[in-house]
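Taking it in order: structure first as C-alpha cells, then the write-up.
The values are calculated or read from the model by the stated rules, or taken from the named source; none is laboratory data. None of the values given here were measured: they were computed from a predicted structure. FYI the Cβ positions are ideal-geometry reconstructions off the backbone, even for glycines, and counts take in every protein chain you see. Accessible surface is based on the protein model in full, side chains and every heavy atom, while ligands, DNA and RNA are left aside. Shrake-Rupley method; radii C 1.70, N 1.55, O 1.52, S 1.80 Å.
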Amino acid sequence: MTVQDLSESELLARIFPRLNSSPGILLGPGDDAALVAAPDGRTLISIDTQTQDQDFRLQWNNGYRTSGYDVGWKAAAQNLSDINAMGGSATSLVVSLTMPPSTPVDWVEAFADGLTAAIVALGAPDCSVAGGDLGRGREIAVTVAVVGTLAGVAPVLRSGARAGDIVAVAGTLGRAAAGWALLESDIPIGKLSDELRGFVDSQCRPFPPLEAGPLAARAAATAMLDISDGLLRDGGRLATASDAVLDFDPLALKKYAAVLEPAAALLGKEAMQWVLGGGEDHGLLATFPAGIQLPHGFTAIGSVQAVVEPPGSGVRIAGLAADTVGWDHFAD
C-alpha cells in the first residue's frame, strides 16, 4: 500500500498513535496549531531539513536501503542537538513531511516510529511531536522545527570563548563520516563487520549527548555549538563569533582517530580527516574557564588563544593553521 491509496486523514490516523506525548504539550495534533507550555518564560527554537539525495539516499551505493525509521530518528536527533547546544532541553517538535504518492505507507509509519524512538532513546523525556504537515512532492523532504526550554539558566552562545579557556568536546567525532564513506563504497552492506556497521548506524541514526548541554551550561561553559558540519568548520564558526583562536591538540584527537582505523584501512582513507572534517555526529564543541573540572562527558582537546593579526580568528592544530574542511550544503 502507498500513500496515494489513503486520504490524508487516513494516513494521519496511522501516524498519530505512533507518537509519544509529554506534559509540555497542552494541545497536540488535530487543530490548526499546537499549544505548548513555556514555563521558563523564554523559548529556544530551531529548524532543520533533510532532503532525499542531498542529506540521505533511499538506496546507497553499498546496497543499504534507508528506512523511514532512519529518517525519522535523524530528523529528531539533529534538532534535539541544536537545543542541546544552547544548554537547553527540547520540549516539542513540529514535523513537515513531503513525499511522492508512491511512498509506501509502512515507510511513513516507520518514520513516525523513528521520531518517537529517538526522542525516548536519546533522553528527551519532556519532548514530543506537537503537530505538523503532510505534503506531496517529487522527493522525500523532512523539515522539523524544535522548541526548547532553558529551565532558568542563561543560554550558551557561540560568542563567549576567551583566551585561556579550555576547548572540549562531548560525544563522538568522525564516526558518521566513516559511515557515509562506507555507504558510498562498493563494499556490500552485508559484508561489513558489526564494528563497521556501527559507523553506518552513526550516520543513519546519530546519538547526540543530550545530557551534556545542560550540564555544560550549569558548569559555566563560555561558548558552545553543535558539531554538525565538522570539527574544523564548526570550530571556525565558534572562533569567529568569539573573535578568538581555537588551538586543537593533535594528541588529544588521536584517540578519536584510532576508533576509526578499521574503516580507514578498509577504504584507504585517513581516519584523522574524518575526525577533523566529518560532520553529523552531533556532538558538542564547548569552551570552559581554565582550572574548572569539566562536566561529565566532556574531554579536553585544546585551548583558546588570543587573536594575533594576521591571520586573525580561526582554528589551529598545535599552533599551525588548519584548513577549514567540512560539510557545506552549497559546495558539496
Just the C-alpha atoms of the range 39-94: what Rg/Rh do they give, with Rh taken as the Kirkwood radius? 1.11
What angle do you read, to the nearest 10 degrees and between 0 and 90, between the alpha-carbon axis of helix 250-267 and the longest principal axis of the chain? 50 degrees
Placing +1 at every Lys and Arg Cβ and -1 at every Asp and Glu Cβ, with all other atoms neutral, what dipole size does the chain have around its Cα centre, in debye to the nearest 20? 560 debye
Charges at C-beta only: +1 for Lys and Arg, -1 for Asp and Glu. How large is the resulting dipole of the range 1-132 about its Cα centre, in Debye rounded to 20? 260 debye
Shape verdict for the range 103-143, please, from the Cα gyration tensor: rounded (a/c under 1.5), prolate (a/b greater than b/c) or oblate. prolate
Ordering of 275-287, 116-128, 226-238, 12-24 by packing [mean C-beta count within 10 Å, highest first]: 275-287, 226-238, 116-128, 12-24
Calculate, in nm to one decimal, what Ser159 and Arg42 gain on full extension: separation in residues at 0.36 nm each, minus their alpha carbon distance. 40.1 nm
How long are the semi-axes of the ellipsoid equivalent to the range 197-320, from square roots of 5 times the Cα gyration tensor eigenvalues, in whole Å, largest first? 25, 19, 13
Across the range 165-230, what fraction of all alpha-carbon pairs, as a whole percent, falls in each successive 5 Å bin from zero upward? 3, 15, 23, 17, 13, 11, 8, 5, 3, 0
Using a 1.4 angstrom probe on the protein heavy atoms only, could you order Met99, Met272 from most to least accessible area? Met272, Met99
Looking only at lysines whose Cα falls under 18 Å of Lys255's and that sit 8 or more positions away or on another chain, we get Lys269
Where only protein heavy atoms count, and the probe is 1.4 Å, what is the accessible area per residue for the range 201-332 in Å²? 44 Å²
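Under the rule a/c < 1.5 gives rounded, and otherwise a/b versus b/c splits prolate from oblate, where does the range 238-283 land using the Cα gyration tensor? Don't skip to the answer; put the middle values down first.
Working: a/c = 2.92, a/b = 2.09, b/c = 1.40.
Note, shape of the range 238-283 comes out prolate.
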Can you tell me the mean projection area, over all orientations, of the convex hull of the chain's alpha carbons? Units nm², please. 17.1 nm²
Mind putting a number on the dipole of the range 201-332 about its Cα centre? Charges go on the C-beta only, +1 for Lys and Arg and -1 for Asp and Glu, and I need it in Debye to the nearest 20. 320 debye
